[in-house]
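Step one of this worksheet: look at the structure below.
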Amino acid sequence: MNRQQSKENFQGEGLRFPDGFVWGTATAGHQVEGGNIASDWWAWETLGLVEDGTKSGRAVDYWNRFEEDHALMASFGLKAFRLGIEWSRIEPERGKIDKDAIARYHEIFQSLRRHNIKICLTIYHWVLPVWIAKQGDWLNPATLCHLEDFAKLVIDEFGEYPDLWITINEPMVPAVAGNLLGLFPPQRRSLRHYRSIVKALLKAHACLYELIHKRVPLAPDGGSTKVGVAQAYPCVEPWGSGGFRGLYEKVMTPLVRYLAYGAWDRAILSGCSGLFGIGGKNRQLYDSYDFCGVNYYFRMSLRFDGSKREQFYIDESGMPDGIIGTDMGWQIYPEGLYGMLEHIWRRFKRPIYITENGIADSGDDLRPAYILRHVAQVYRAIEAGIPVKGYYHWSFIDNFEWREGFAKKFGLIEVDHADDTLLRKPRPSAELFGEITKNNGLTRDMVQKYAPEALEEIFGTMNDE
Ligand code: GCO
């Protein structure tokens, strides 16, 4: 489609995505399955540390209701699903493999296949078996050897299913939230530990990348196996205060970007796993992405705050004028997605999948416009020549949002955790996302129907180019 045609399309009918564009939704094992009792997160939840007082518990019981959930996905025309596998379920004790858990995962994958839903599989999404946590998690070099054994088992058992592989979800989050800021288990607060965790996860990624390629030569469609990482890319900007404060914000901005994703990206691009570029080259690590997985949610504007010593005098929760916040208090900032896609493409020159994008919005008041505005930015990136190949919405269903518990609702499908029946109730956004999938893009009518307030902006965005 040339530029002129696409503009006409946009102004007339809407935004048609390239053939084969993948539309899907995403989840993670611990957040939806329920009963993941042999894990470090479960142990942490029982200490009463989750903010709303809930625990993952039965979550949304995906472990038992997957068939119903896949049928629901199919009923909306959803064609792809990102899910995780839980190490602590498969190996609840060191060397003890739970055959029933393996059988259940096979059933889950086969059910997805029956529903013609493509599979994107995450191997490590932040949760470790408690026996690994007890031996010092990623600080203990033995963890890498255990991961290797576990991964061989996973790849040999399930290697035939995934169309896309994610080795690690947002590796910098356990490093930052778990080891630098002390917010997630194991609640360490040290730059030294942050650094060690990043290094260990880089090694873990390199090891998984190589293992998957060695053991799974072809993807289910006969093409090459595709392996990457789902990296969190917040759009980080200075607040813009005056004087010393403003200067501090400007200095902190590149540092926060570096700690949040830059250090990791640099290591992949250079093959050098030492933080700040120190250390030898790791041949396995260098160029170990077949694609870039992008998790994008929000912008954070860094504002100097002298009372926030524990956060290095930075408050990132401010809401600039004219910006709307989500139930998480996150800024809605779709332009940031376009900016990050440009940045990532410039650096990596690899195909990109949006592996997560979504909003906590219990009333579903903001979600339709959120989806439409972000999808429009993806389209804009494709038009600019950036090869974005797919978009996975976070999340298919309301789930256990880590430290925030069940209070934050990210699902296209609503579930009341307190309701015994865990009834699945599709939100209007589920209908909208289904329509986008079926049409392979947005139409003007859809925007008109679900979020007329976004019409002007979406069309304006495109016309500005
Ligand atoms: C993440 C995680 C998800 C979260 C989601 C909303 O990437 O942060 O993959 O588990 O639930 O991002 O915060």
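Where a number appears in this text, it was derived from the coordinates with a stated rule and is not lab data. All values reported here derive from a predicted model rather than from experimental measurement. Neighbour counts run over all protein chains shown; Cβ positions are idealised from the backbone, glycine included.
How high is the relative contact order of the chain, given as a whole-number percent (alpha carbon pairs under 8 Å, six or more residues apart)?
For the chain, the relative contact order is 18 percent.
Mean Kyte-Doolittle of at least -1.0 and a Cα length of 15 Å or more along the axis: which whole DSSP H helices of the chain meet both?
Flagged H segments are 62-75, 99-114, 142-158, 191-215, 243-257, 334-348, 367-383, 428-439.
Hey, what do the phi angles of region 159-167 turn into as Karplus ³J(HN,Hα) couplings, whole Hz, using 6.51/-1.76/1.60 and θ = phi - 60°, x for Gly and Pro?
x, 6, 8, x, 7, 9, 10, 10, 5
Could you list which residues have their amide H under 5 Å from that of CYS272, counting only those 5 or more apart in sequence or on another chain, with H placed in the peptide plane?
Close amide H contacts, sequence-distant or interchain: ASN282.
Hey, what do the phi angles of region 224-237 turn into as Karplus ³J(HN,Hα) couplings, whole Hz, using 6.51/-1.76/1.60 and θ = phi - 60°, x for Gly and Pro?
6, 5, 10, 10, x, 10, 9, 9, 7, 10, x, 8, 9, 9
Whose amide H sits under 5 Å from the amide H of LEU128, counting only residues 5 or more places off or on another chain, with H placed in the peptide plane?
Long-range HN contacts for LEU128: ASP40, TRP41.
Please enumerate, by chain and number, the lysines with C-alpha under 18 Å from the C-alpha of LYS96, excluding those fewer than 8 residues away in the same chain.
By straight Cα distance, LYS96 reaches LYS134, LYS152.
Order of 101-113, 192-204, 311-323 by packing, highest average Cβ count within 10 Å first?
In decreasing order of mean packing, 101-113, 192-204, 311-323 become 192-204, 101-113, 311-323.
Could you give the dipole magnitude of region 15-427 about its Cα centre, charging the beta-carbon of Lys and Arg +1 and that of Asp and Glu -1, in debye to the nearest 20?
The calculation lands at about 1460 debye.
What share of the DSSP beta bridges in region 15-427 is antiparallel, in percent to the nearest 5?
20 percent
Give the peptides 292-300, 257-265, 231-239 in descending order of average Cβ contacts within 10 Å, highest first.
Listed from highest to lowest mean packing, they are 292-300, 231-239, 257-265.
Cβ under 14 Å from ARG245's Cβ, ARG245 left aside: what net charge do those residues give with Lys, Arg +1 and Asp, Glu -1?
Neighbour charge sum, excluding ARG245 itself: 0.
Grab the Cα-Cα distance for ARG113 and ASP156, subtract it from 0.36 nm times how many residues apart they are, and report the gain in nm with one decimal.
13.7 nm
Given 0.36 nm per residue, what is the gain on full extension from LEU49 to LEU139 after removing their alpha carbon distance, in nm?
30.1 nm
Give the Debye-formula value of log10 I(q)/I(0) at each listed q (0.09, 0.11, 0.13 Å⁻¹), with one equal scatterer per alpha carbon of the chain, two decimals each.
-0.57, -0.89, -1.30
Give me the number: length gained by fully extending LEU191 to GLU13, i.e. 0.36 nm times residue separation minus the C-alpha to C-alpha distance, one decimal in nm.
Computed gain between LEU191 and GLU13 is 58.9 nm.
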